[in-house]
Amino acid sequence: MPPSSHLLDGKALSQKIQLELKAQVDALQPQMGRPPGLAVLMVGDNPASAAYVRNKERACARVGINSYGQHFPAETSQVELTAVIHRLNQDPNVDGILVQLPLPPHLDAEALLYEIAPDKDADGLHPLNLGRLVRGETGLRSCTPAGVMRLLETYDVSLVGKRAVVLGRSILVGKPMALMLLEANATVTIAHSKTEEIAKLTQSADILVAAIGRPGYVTADMVKPGAVVVDVGINRVEDSAGKARLVGDVDFAKVESKASLITPVPGGIGPMTVAMLLYNTVWSYSQGSKASYNS
Ligand code: GUN
């Protein structure tokens, strides 16, 4: 995609990917005899999660993926959710299963992720798929970092030998992000809440990925001139008039002029995460029951 400005336009790329996936689904459906299916499981009433889930289901509809989403009350037990996942694992109409995070505190998210059949792990968070990533093997990849990689690739951002700094070490983003950048031959550092002199690290980064969930944390003085800045944060903040808006982990207004390329929030990594979720679901669908991901 030719860069029309220094913005990494995740929204436009996500739309393009969705069109490609729709064509792929249309082509596969006659031989598969059914459309692809994705089950998004949401527990409780976290408003941000509800908005993400709605977005995911709308995107599924655009691409021709059936949604088997289920919304459970906050007090749903671990045993009930495990049984639901086991049923979906066996359901031949379902190619992807996703447990929307965060879960209410009485639930053990890690234990639930183990229950998802690895070949239906649309979020790429099952230990087997994370292990495949560590080993550099083909497998379902975590959606947000996969979306970052796809966006960087599309804009021809060179990673080989470059210094990449990832802010954040979550299983959802930071750790798989670092591994994907390493796989692309970048020299990778992960910084986190206990890291000393973070600014010194970030100032050396050719590629800076912020995934810490702190609005406006990355300021202009922390950024190397000409760096590529990827903002994974989606934080809801209120202005002085009490009006809510979404901001990233990067102080966009100040950092924009210093970066060579930068993702906006919204319209950057958020839509790419959705595109990669659909990509993973269609990929599992295309593999049918033979999926082994070891090729
Ligand atoms: N919560 C916020 N982002 C995500 C995501 O990509 N996957 C899941 N499962 N939960 C999330």
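Some notes on this structure:
- Sparse-neighbourhood loop sites, trypsin sites (Lys or Arg not before Pro) in region 168-207 - DSSP loop, at most 10 other Cβ within 10 angstrom: Lys194
- Note on region 93-151: dipole from Cβ charges, positive end direction compared against Pro102, Ala146, Ala122; the farthest Cα belongs to Ala146.
- Region 156-280 has equivalent-ellipsoid semi-axes of 22, 18, 14 Å, by the square roots of 5 times the alpha carbon gyration tensor eigenvalues, sorted largest first.
- Residues in region 190-198 carry Karplus couplings, in order, of 9, 10, 8, 4, 9, 5, 8, 6, 4 Hz; the curve used is 6.51 cos²θ - 1.76 cosθ + 1.60 with θ = phi - 60°, and Gly or Pro positions show x.
- The ellipsoid that matches the Cα gyration tensor of the chain has semi-axes, each √(5λ) in whole angstrom, of 31, 22, 19, with the longest given first.
- Using alpha carbons only, the radius of gyration of region 1-99 set against its Kirkwood radius gives Rg/Rh = 1.06.
- Dimensionless Rg ratio for region 42-138, taking C-alpha atoms and the 2.2 N^0.38 Å reference: 1.09
- If R0 equals 41 Å, the separation of the Cβ atoms of Glu137 and Ala241 corresponds to a calculated FRET efficiency of about 0.20.
- Segment Gln70-Ala48, extension gain: residue separation times 0.36 nm, minus the distance between their alpha carbons: 6.3 nm
- Rounded to the nearest 500, the 222 nm mean residue ellipticity of the chain from helices alone is -12500 deg cm²/dmol, with -39,500 (n - 2.57) taken per DSSP H run of at least 4 residues.
- Computed magnitude of the charge dipole of the chain (debye, nearest 20; Cβ of K, R +1, Cβ of D, E -1): 440 debye
- This model, with +1 at the C-beta of Lys and Arg and -1 at the C-beta of Asp and Glu, gives region 8-138 a dipole about its Cα centre of some 520 debye.
- Calculated FRET value between Arg163 and Ala23, using beta carbons and R₀ = 30 Å, to 0.05: 0.20
- Formal net charge of residues neighbouring Ala122 (Cβ-Cβ distance under 12 Å; K, R +1; D, E -1): -1
- 21 Å Cα-Cα threshold exceeded, pairs from Lys162/Lys258; Lys11/Lys243; Lys194/Lys258; Lys56/Lys254: Lys11/Lys243; Lys194/Lys258; Lys56/Lys254
- Environment charge at Ala74 (Cβ cut-off 13 Å; Lys +1, Arg +1, Asp -1, Glu -1): -3
- Remark: C-alpha extents of region 167-217 on the principal axes read 27, 24, 18 Å, sorted largest to smallest.
- Taking label points 7 Å from Cα along the Cα-to-Cβ direction, Asn185 and Asp91 give a separation of 4.3 nm.
- Counting 0.36 nm for each residue step from Glu197 to Arg34 and taking away their Cα separation leaves a gain of 53.3 nm.
- Both radii were evaluated on the Cα set of region 8-64; the Rg over Rh quotient, with Rh as the Kirkwood radius, amounts to 1.06.
- Average 1/r across all pairs of distinct alpha carbons in region 59-218, invert it, and you get the Kirkwood radius: 17.5 Å.
- Karplus-based coupling profile of region 96-104, in residue order and whole Hz: x, 10, 9, 9, 5, 9, x, 9, x, with θ = phi - 60° in 6.51 cos²θ - 1.76 cosθ + 1.60 and x standing for Gly or Pro.
- For region 182-247, the normalised intensity computed at q = 0.16, 0.21 Å⁻¹ comes to -0.62, -0.93 (log10 of I(q)/I(0), Debye sum over alpha carbons, equal scatterers, no solvent).
- Charge tally in the Cβ shell below 15 Å around Val94, where Lys, Arg are +1 and Asp, Glu are -1, Val94 excluded: -3
- Taking the 1.4 Å solvent-accessible surface of region 1-155 as the whole, the part contributed by carbon and sulfur is 55%.
- Against the main long axis of the alpha-carbon atoms of the chain, helix 10-32 sits at an angle near 20°.
- Difference of contour (0.36 nm per residue) and Cα-Cα distance, Thr219 to Asp156: 20.2 nm
The values are calculated or read from the model by the stated rules, or taken from the named source; none is laboratory data. No experiment lies behind these values; they were computed from the predicted model shown. Reconstructed Cβ throughout: ideal geometry from the backbone, glycine too, with neighbour counts over all protein chains shown. Side chains are part of the model used for accessible areas, which takes the heavy atoms of the whole protein and leaves out ligands, DNA and RNA. Shrake-Rupley method; radii C 1.70, N 1.55, O 1.52, S 1.80 Å.
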